[in-house]
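As structure tokens, the structure follows; a few thoughts come after it.
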């Protein structure tokens, strides 16, 4: 029987950029939400830096409950004036983010380091 | 102290019996050996009887009586009569039995409370499910030129999927929505959005304005992690035009009768409840809807239905099923066939999300109300 898993890795706080990054791997559904949702929301609510970065490269599925916690993180980051970035979502996750309109709302980049680079001039 | 408390009754009984028996034997020996006349056989016999009786009373008070009391309380418990706790500080078998009895009765009380609370919650959920079912339309408004069918199946008692058909000023407004997750929180959002859409349709005919107003009210009243995707459509029966505005919902699928193809049109926009103002992100679009065409609205419970290998049903399978069945059947049997296709794919694997499918077919404007087919029941035949 298929059994999805979700792993949340919290990277050390980057004091140089005042950035908190974390990484999701696996599938973010109801089970994933029960497993790491509280830990992630706790990380979000305690965050007070300049960048909140979520690396999605190893995330292969996300449903509305997973999207919900990303929105909570985005809301908190914007409320305190921080920048919120999503990094390297795979095509399925990106489709869902685009369908829901979240993709156009948040910053996104190809790497964590790239989040700190100034945007290219038009 | 523990020496006396542990196996007290048995020890005293054994001690007294032993002392009585030994004393009797010693006295008999003394009488025979030293011919002590005052130690008559009657004296010895009375002594033994005295010690045996003393041992019996000690046994009765310390073992037999408390054991009988515990058994009496147990009988009362098992036969449904009133029973009381048994207090004992002893740590022998009687103490263990008393402690066991008290623990069992305490857990029974807790369990009975949980059962009662669970029953109350189940009753409340049943009421919520009934209210929600009543919110979903029993049948759509009778707008000439459309044949409508809908099917919905919540994953839990209360679901987060929603749809409605609202007729106003000669136009039919209809929507499908999907609140975060499922269960009671999703059901409450679904109920709120249903009431808001119904109210704002009476205020404005602009789909963007309706969605922006619904979002504004919703955002201020729900948690940060909750939202609802939705696509709202408006069919004008006099002109035959169909418009839509999306709020982060799944694509709209059109079966084109002329070509037999299934077109995908992204709903666009941003889900309700994500940000305070969505007016600039939502766009109203007009889409072709020719006679014979059939449009399909669905929630992600369909495309994200999984089989035992973890594979998703997906948009491609849905498109194939639509192209296959919409060319042969009117809306209701088409939905039943698609539901059966999804059911066959998941092959009995329990699904965790609500599923809703809506099919709307454009027919000639002279069609009468008898052509409307509508059911909110999920059937897989």
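The values are calculated or read from the model by the stated rules, or taken from the named source; none is laboratory data. Here the structure is a predicted model, which means the values were calculated and not measured. Cβ atoms come from the backbone with ideal geometry, glycine included; neighbour counts cover every protein chain shown.
Take residue A:86 and decide whether it is without any contact (Cβ under 8 Å) to a residue 40 or more places away in the chain and within 19 Å of residue A:7 (Cβ to Cβ). Write out each step before concluding.
Numbers: without any contact (Cβ under 8 Å) to a residue 40 or more places away in the chain: yes; within 19 Å of residue A:7 (Cβ to Cβ): yes.
In short, yes.
Please find, within region B:304-314, the residue that is nearest to residue B:261 (Cα to Cα) out of those that are within 10 Å of chain A (Cβ to nearest Cβ) and either touching a helix residue (DSSP H, G or I) at 6+ places or on another chain (Cβ under 7 Å) or touching a residue at least 40 places away in the same chain (Cβ under 8 Å) (or both). This residue is B:314. Any residue that is surrounded by 22 or more Cβ atoms within 10 Å (Cβ to Cβ), farther than 19 Å from residue B:302 by Cβ, modelled with pLDDT of 90 or more and facing chain B (nearest Cβ under 10 Å) - is there at least one of those in region A:83-96? No, the conditions are met nowhere in region A:83-96. Only residues that are within 14 Å of chain A (Cβ to nearest Cβ) and either exposed (fewer than 13 other Cβ atoms within 10 Å of the Cβ) or over 17 Å from residue B:218 (Cα atoms) (or both) were counted across region B:280-296, and they come to 2.
Against the list (1) at negative phi; (2) facing chain A (nearest Cβ under 10 Å); (3) surrounded by fewer than 24 Cβ atoms within 10 Å (Cβ to Cβ), the condition residue B:268 fails is (1). Those strands (runs of 3 or more DSSP E) of region B:239-350 in which at least 3 residues are within 31 Å of the chain's Cα centre (by Cα), considering only elements entirely within it, cover B:294-298. Filtering region B:58-79 for residues that are assigned to a loop (DSSP other than H, G, I, E, B) and surrounded by 15 or more Cβ atoms within 10 Å (Cβ to Cβ) leaves an empty set. Pairing each residue of region B:320-333 that is farther than 16 Å from residue B:146 by Cα with any residue that is part of a helix (DSSP H, G or I), provided the two are 6+ apart or on different chains, yields C-beta distances under 7 Å for B:321/B:338; B:321/B:341; B:322/B:338; B:325/B:334; B:325/B:337; B:325/B:338. Annotation note: of B:260, B:292, B:279, the sole residue that is more than 17 Å from residue B:209 (Cβ to Cβ), touching a residue at least 12 places away in the same chain (Cβ under 8 Å) and in contact with a helix residue (DSSP H, G or I) (Cβ under 7 Å, 6 or more places away or on another chain) is B:260.
Are there any strands (runs of 3 or more DSSP E) wholly within region A:26-122 with 3 or more residues that are in contact with a helix residue (DSSP H, G or I) (Cβ under 6 Å, 6 or more places away or on another chain), and if so which? I'd like the intermediate steps shown before the answer.
On the way: elements: A:51-62, A:83-87, A:107-109.
Because the criterion is at least 3 residues that are in contact with a helix residue (DSSP H, G or I) (Cβ under 6 Å, 6 or more places away or on another chain), the strands (runs of 3 or more DSSP E) in region A:26-122 that meet it are A:51-62.
So how many residues does region A:9-30 have that are under 24 Å from residue A:92 (Cα atoms), without any contact (Cβ under 8 Å) to a residue 60 or more places away in the chain and buried (at least 16 other Cβ atoms within 10 Å of the Cβ)? Full working, then the answer.
Within region A:9-30, the subset under 24 Å from residue A:92 (Cα atoms) is A:9-10, A:21-30.
Applying the additional criterion that residues be without any contact (Cβ under 8 Å) to a residue 60 or more places away in the chain yields A:9-10, A:22-30.
Next, from what is left, pick out any that are buried (at least 16 other Cβ atoms within 10 Å of the Cβ): A:22-30.
The qualifying residues number 9.
Could you check, for region A:101-108, whether at least one of its residues is over 21 Å from residue B:269 (Cα atoms) and more than 14 Å from every other protein chain (Cβ to nearest Cβ)? Let's see the steps before the verdict.
Taking region A:101-108 as the starting set, the residues that turn out to be over 21 Å from residue B:269 (Cα atoms) are none.
Among the residues of region A:101-108, not one is over 21 Å from residue B:269 (Cα atoms) and more than 14 Å from every other protein chain (Cβ to nearest Cβ), which makes the answer no.
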